[in-house]
Amino acid sequence: MKKYLFLILFLLMLGASLLAAPPARAQAPVPTPSDDAVNTIAKEMYCPVCENIPLDVCPTQACKQWRELIRTKLAEGWDEQQIKEYMAIQYGDQVLAEPPRRGLHWLVYLLPPVFLLAGVLILWRVFSRMRPPVATTTPPPMQDDLDDAYLARLEAELRQRQEEK
């Protein structure tokens, strides 16, 4: 009888623990970011080990690990800007395809338009100097008194030459 009492007591305790335990719920699987989402971010970054090779096409093992790091950060809910800042802090600004707009990096954004405008100005000045000067087509004004005296003298000389012949 003691055996049965022990067994009944054990079954009661087991039943009570099952009733008191919250129901087990199946966890929704964490969505794994697609390769497209990872490559969109990796395309805008460069491999810190290899020079001038985008992270999305670099075949090294380190780049595979960095792409997996991007995948896990995306799964954790990080956005693109946070991931880029994290990678820049870890590996330096040279991993970013577009330099951040701070410090001396502003020169990358300011100097090209300045050089373009300076070049246009220089070309405009050179071409304007190469043009021939515009000639004035209006003759200087003549005085009637001088014209009459000149014409009279000219006619007299012409008559003299004709008489000589």
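The values are calculated or read from the model by the stated rules, or taken from the named source; none is laboratory data. Keep in mind that this is a model prediction, so the values were computed, not measured. Don't worry about glycine lacking a Cβ; one is built from the backbone with ideal geometry, like all the others, and counts go over all protein chains shown.
Below are the figures for this structure:
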read-out	value
Residues that are surrounded by 13 or more Cβ atoms within 10 Å (Cβ to Cβ) and not hydrophobic (A, V, I, L, M, F, W, C), drawn from the range 44-59	Glu44, Tyr46, Pro48, Pro54, Asp56
Subset of the range 51-78 [more than 16 Å from Thr40 (Cα to Cα) and touching a residue at least 12 places away in the same chain (Cβ under 8 Å)]	Thr60, Ala62
Qualifying residue in the range 79-97 (condition: more than 13 Å from Tyr46 (Cα to Cα), touching a residue at least 24 places away in the same chain (Cβ under 8 Å), assigned by TED's automatic domain parsing to the domain that holds Cys47 and not in a loop (DSSP other than H, G, I, E, B))	yes
Residue count for the range 103-118, restricted to those that are under 22 Å from Lys43 (Cα atoms) and at pLDDT below 75	1
Residue match in the range 43-53 (condition: basic (Lys, Arg), assigned to a loop (DSSP other than H, G, I, E, B) and modelled with pLDDT of 80 or more)	yes
Output for the range 63-95, where each listed residue is in contact with a Ser or Thr (Cβ under 8 Å, 6 or more places away or on another chain) and of a type in the set (A, V, I, L, M, F, W, C)	Ala75
Subset of the range 60-107 that is aromatic (Phe, Trp, Tyr) and more than 16 Å from Ala37 (Cα to Cα) - its residue that is surrounded by the most Cβ atoms within 10 Å (Cβ to Cβ)	Tyr91
Residues located in the range 119-148, provided they are modelled with pLDDT under 80 and in a helix (DSSP H, G or I)	Asp144, Asp145, Leu146, Asp147, Asp148
